[in-house]
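The structure appears below as structure tokens.
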Amino acid sequence: MIRIINGTTRVCGVIGNPIEHTMSPMLHNFLAERAGMNMVYVPFRVEENRVADVIKGACGLNILGLNVTVPYKKEVIASLAEIDLGAREIGAVNTLVRVEDGYKGYNTDISGLFRAMTERNISIKEQAVIMIGAGGAAKAVAYLLGREGANTVYLLNRTIEKAVELASDMNRRFAKNVFVPMALSDYQKIPKGSYLAIQTTSVGMYPGTGQAPIEDEEFYQKIHTGIDLIYRPLKTRFMNYVEAAGGITINGLSMLLYQGVTAFELWNERTVSGALVSQAYELLKEALAEYEE
Ligand code: NAP
């Protein structure tokens with residue numbers, strides 16, 4: 001089908017560096033076409049120290065919205081007219097929406113994960129959780145767990161200082177001692193129980209698919225549900241361990257999809273139907289099949 005670009009076509013895109021492997025153009029152009037929107041979405045590779053210029057330029061060109069990816073999720077904040085609460089709390093923005101005097105920043109990773117979990121009936125409230133990792137993505141995950149009322153979160157990270165910092169930020173933010181920081185190597189000290197586990201590190205991501213952050217079958221006996229944020233490959237070694245111990249697993253594809261769907265909805269002020277979300281999921285899944293072992 002030929003897409004007609006004309007004088008009323010609305011332009012969105014993604015800024016980052018590198019940007020060559022982004023799946024967002026595929027997703028957003030598919031959603032736009034299927035939803036009958038006159039919108040195009042393009043990748044922009046942005047060089048170091050150019051973010052402020054880029055945002056000013058985008059505003060001048062009346063670009064409707066932008067996604068922001070590594071390494072600019074924090075740096076972009078200084079160029080925003082407004083910022084959504086969740087994005088401000090975690091200090092990371094991945095979606096910009098045009099407002100009168102510039103852009104408003106959001107973090108749709110938070111709602112992306114929440115929607116992916118809700119779709120699978122995985123609740124957070126009063127749950128005992130193990131979180132592995134304390135990097136950029138972990139901040140969105142921790143914020144969601146705090147906001148939705150997790151009971152306890154054992155927050156494991158290779159670099160303990162980062163776990164301590166994230167845990168104390170979140171405990172302060174939610175005025176409760178929910179987050180317990182631990183060194184990754186201390187995982188055996190987690191009390192016996194049945195946990196929801198969220199794997200947020202890059203360990204196991206293509207091309208390092210033969211690795212899991214914890215290589216100990218016994219640890220995985222504690223996990224009833226394991227969510228891995230990784231989507232390349234669709235089945236990680238972490239997920240294999242969880243399943244072998246009888247737990248259920250979810251990969252990062254639904255979160256990726258819903259963070260994009262949420263951005264699309266913010267830009268276009270309309271809801272994407274469940275049927276279209278399912279079609280988009282299949283599209284992304286097919287594109288990612290090559291990373292499977
Ligand atoms: P990041 O900020 O670089 O953080 C990386 C995390 O992985 C840190 O906690 C780091 O621990 C840990 N790590 C790295 N190598 C390790 C190793 N060898 N052993 C133990 N821990 C290790 O990265 P990020 O942006 O948070 O992304 C993390 C993953 O989430 C990536 O795979 C990314 O693709 C995925 N992600 C998915 C979605 C989605 O929509 N599904 C969204 C965002 C991110 P240290 O602090 O000790 O270095």
Put in order of increasing Cβ neighbours within 10 Å, starting from the fewest, Met39, Met205 give Met205, Met39
At 7 Å along Cα-to-Cβ for each site, give me the label-to-label distance between Arg3 and Glu265 in nm. 2.2 nm
Using a Gaussian network model of the chain whose springs link C-alpha atoms within less than 10 Å, name the residue from Lys189, Lys222, Lys235 with the highest mean-square fluctuation. Lys189
Taking the Cα centre of the stretch 111-250 as origin, sum charge times position over the Cβ atoms of Lys and Arg (+1) and Asp and Glu (-1), and report the length of that vector in debye to the nearest 20. 400 debye
Of the residues Met23, Asn157, Ser79, the Cα lying farthest along the dipole of the chain towards its positive end, which is defined by charges on the beta carbon of Lys, Arg, Asp and Glu, belongs to Ser79
Put one equal scatterer on each alpha carbon of the chain, apply the Debye formula with no solvent term, and list log10 I(q)/I(0) at q = 0.14 1/Å to two decimals. -1.05
Put +1 on the Cβ of each Lys and Arg and -1 on the Cβ of each Asp and Glu in the stretch 81-128; which of Ala92, Tyr103, Ile122 then has its Cα farthest toward the positive end of the dipole? Ile122
Say we join alpha carbon atoms closer than 10 Å with springs in a Gaussian network model of the chain; which of Gln188, Gln259, Gln127 then has the biggest fluctuation? Gln188
List every residue whose amide H lies under 5 Å from the amide H of Ile250, counting only residues 5 or more places away in sequence or on a different chain, with H placed 1.01 Å from N in the peptide plane. Gly226, Ile227, Asp228
The stretch 70-101 and the stretch 190-212: distance between their alpha carbon centers, rounded to Å: 29 Å
So how do Asp109, Asp53 line up by other beta-carbon neighbours within 10 Å, fewest first? Asp53, Asp109
For the stretch 111-250, go through all pairs of different Cα atoms, get the mean of 1/r, take its inverse, and jot down that Kirkwood value in Å. 14.8 Å
Give me His28, His21, His224 ranked fewest to most by other Cβ atoms within 10 Å of their Cβ, as a rough exposure proxy. His21, His224, His28
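Each reported figure results from applying straightforward, stated rules to the coordinates on display, with no laboratory input. No experiment lies behind these values; they were computed from the predicted model shown. Note: ideal-geometry Cβ built from the backbone for every residue, glycine included; neighbour counts use all protein chains shown.
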